Amino acid sequence: MSFANANISDIIATTIQSRSGVLADNVSENDALISRIKQSGNVKPFSGGYVIMQELAFAENGNAGWYSGYESLPIAAQDVISAAQYDIKQSACAVTISGLEQLQNASREQVIELLEGRISVAESTMLNLLSEGVHSDGTGYSGKQITGLQAQVPSDPTTGTVGGINRANWSFWNSQLYDISVSGSGAASASNIQQYLNALWVKCVRGNDRPNLIVMDNNYWTLFANSLQNLQRFTSSQTANLGFVTLQYLGAEVILDGGIGGDMGASTAYMLNTKYLHYRPHARRNMVPIAPNMRHSVNQDAEVQLIGWAGNLTSSGLQFQGLLQE
């Protein structure tokens with residue numbers, strides 16, 4: 001089989017490869033949650049295995065206590081560390097070029113210019129795919145999506161299994177919920193949205209562990225913004241520098257994750273502690289060409305290269321995450 005340009009495989013692969021580091025960085029900067037996880041130091045690539053193991057502490061050490069003088073101290077072995085297990089999820093986007101397009105763009109410079117345009121579109125598509133997955137329940141694409149917020153911080157936090165742990169059996173794995181339709185005094189409005197946020201906040205705080213990010217849909221963000229006086233509107237320069245407009249609530253950044261093409265559900269706000277959320281891409285499959293060699297069509301004059309990603313969104317403390325809904 002012959003192709004219009006024998007070097008095109010190398011051009012596509014090297015062009016994608018040279019952009020892969022930028023693309024991996026853009027993933028974190030394109031999504032408010034992943035961006036905040038990155039700031040918390042919880043972007044942790046993994047190198048292999050059948051599943052992604054996320055270590056967590058699920059109980060206190062029972063040996064701790066008060067004593068007096070020569071009193072014997074308990075030293076029994078303590079089983080307090082376990083791990084959640086998350087499946088490795090994969091995504092890819094193909095960049096193609098036909099033999100005719102190679103002839104029409106015969107010089108190396110023209111081919112690269114054509115490819116860069118197509119790779120740019122593929123990058124944007126992959127970013128949107130991951131953003132959609134972050135807010136999903138993981139059932140999309142026949143269960144191939146990453147384990148998003150709808151799965152980790154669901155409307156019913158007492159049932160179902162996530163990370164291999166059954167929430168019905170282990171209460172420490174239950175996220176927090178404030179359902180306005182059940183517990184509220186009326187539909188959410190500018191006059192009561194902070195009251196409802198306060199009610200959820202106290203459920204998510206344990207000592208110094210407290211939410212540092214609140215992600216809102218269009219409706220709740222508008223109500224919250226309208227509830228503030230001008231002098232109370234503070235922004236975080238760190239997150240704002242990434243392009244996100246932020247407000248502040250008890251020290252937590254409040255970010256609109258709706259807007260045009262947003263993936264948040266209507267009338268939804270997540271109150272998150274990103275210390276216990278982890279973005280886990282595979283070290284060898286983080287927005288890079290899946291194979292160094294071109295994939296050739298058997299019955300077409302065309303060549304293909306795939307941009308690939310593998311990993312998941314994991315948690316080591318779902319009890320510190322909350323959902324506001326109605």
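Looking only at the stretch 269-314, which residues are modelled with pLDDT under 90, in contact with a strand residue (DSSP E or B) (Cβ under 9 Å, 6 or more places away or on another chain) and β-branched (Val, Ile, Thr)? Residues satisfying the conditions are Val288, Ile290, Val304, Ile307. Suppose we keep only residues that are modelled with pLDDT of 65 or more and charged (D, E, K, R) within the stretch 49-101. Which one would you say is nearest to the chain's Cα centre (by Cα)? Top of the filtered list is Lys89. Looking only at residues in the stretch 180-231 that are closer than 24 Å to Ser35 by Cα and of a type in the set (Phe, Trp, Tyr), which one is farthest from the chain's Cα centre (by Cα)? The extreme case among them is Phe224. Of the residues contained in the stretch 235-257, none is found to be in a loop (DSSP other than H, G, I, E, B), in contact with a strand residue (DSSP E or B) (Cβ under 9 Å, 6 or more places away or on another chain), modelled with pLDDT of 90 or more and surrounded by 16 or more Cβ atoms within 10 Å (Cβ to Cβ).
Inspect the stretch 182-190 for any residue being within 16 Å of Gln85 (Cα to Cα) and buried (at least 19 other Cβ atoms within 10 Å of the Cβ) and give the result as yes or no. Lay out the reasoning, then the answer.
First, the residues of the stretch 182-190 that are within 16 Å of Gln85 (Cα to Cα): none.
Within the stretch 182-190 (the criterion being within 16 Å of Gln85 (Cα to Cα) and buried (at least 19 other Cβ atoms within 10 Å of the Cβ)), the answer is no, since none of the residues qualifies.
Of all the criteria given as (1) modelled with pLDDT of 95 or more; (2) part of a loop (DSSP other than H, G, I, E, B), the one not satisfied by Tyr178 is (2). The set of residues in the stretch 123-134 being buried (at least 22 other Cβ atoms within 10 Å of the Cβ) and either under 13 Å from Lys89 (Cα atoms) or not acidic (Asp, Glu) (or both) consists of Leu130, Gly133, Val134.
Whether a residue is modelled with pLDDT of 85 or more, under 30 Å from Asp263 (Cα atoms) and not polar (S, T, N, Q) was assessed, and Glu132 passes this test. Among the residues of the stretch 305-322, those identified as within 16 Å of the chain's Cα centre (by Cα) and in a strand (DSSP E or B) are Trp309, Ala310, Gly311, Asn312, Leu313, Thr314, Ser315, Gly322.
Is there a residue being among the β-branched types (Val, Ile, Thr) and more than 19 Å from Ser267 (Cβ to Cβ) anywhere in the stretch 166-186? It would help to see each step written out before you state the result.
Of the residues in the stretch 166-186, the ones among the β-branched types (Val, Ile, Thr) are 180, 182.
With more than 19 Å from Ser267 (Cβ to Cβ) added as a condition, the list becomes none.
So far as the stretch 166-186 goes, no, none of its residues is among the β-branched types (Val, Ile, Thr) and more than 19 Å from Ser267 (Cβ to Cβ).
Taken over the stretch 181-199, the residue count meeting the criterion of being in a helix (DSSP H, G or I) and either of a type in the set (A, V, I, L, M) or free of Cβ contacts under 8 Å to residues at least 60 places away in the same chain (or both) is 8.
In the stretch 155-166, which residues are more than 14 Å from Ala83 (Cα to Cα) and not hydroxyl-bearing (Ser, Thr, Tyr)? Working first, answer last.
Taking the stretch 155-166 first, the residues more than 14 Å from Ala83 (Cα to Cα) are 155-160.
Those that are more than 14 Å from Ala83 (Cα to Cα) and not hydroxyl-bearing (Ser, Thr, Tyr): Asp156, Pro157, Gly160.
The values are calculated or read from the model by the stated rules, or taken from the named source; none is laboratory data. Note that the structure is predicted; figures quoted are calculated from it, not measured. Positions of Cβ are backbone-derived with ideal geometry, glycine not excepted, and every protein chain shown enters the neighbour counts.
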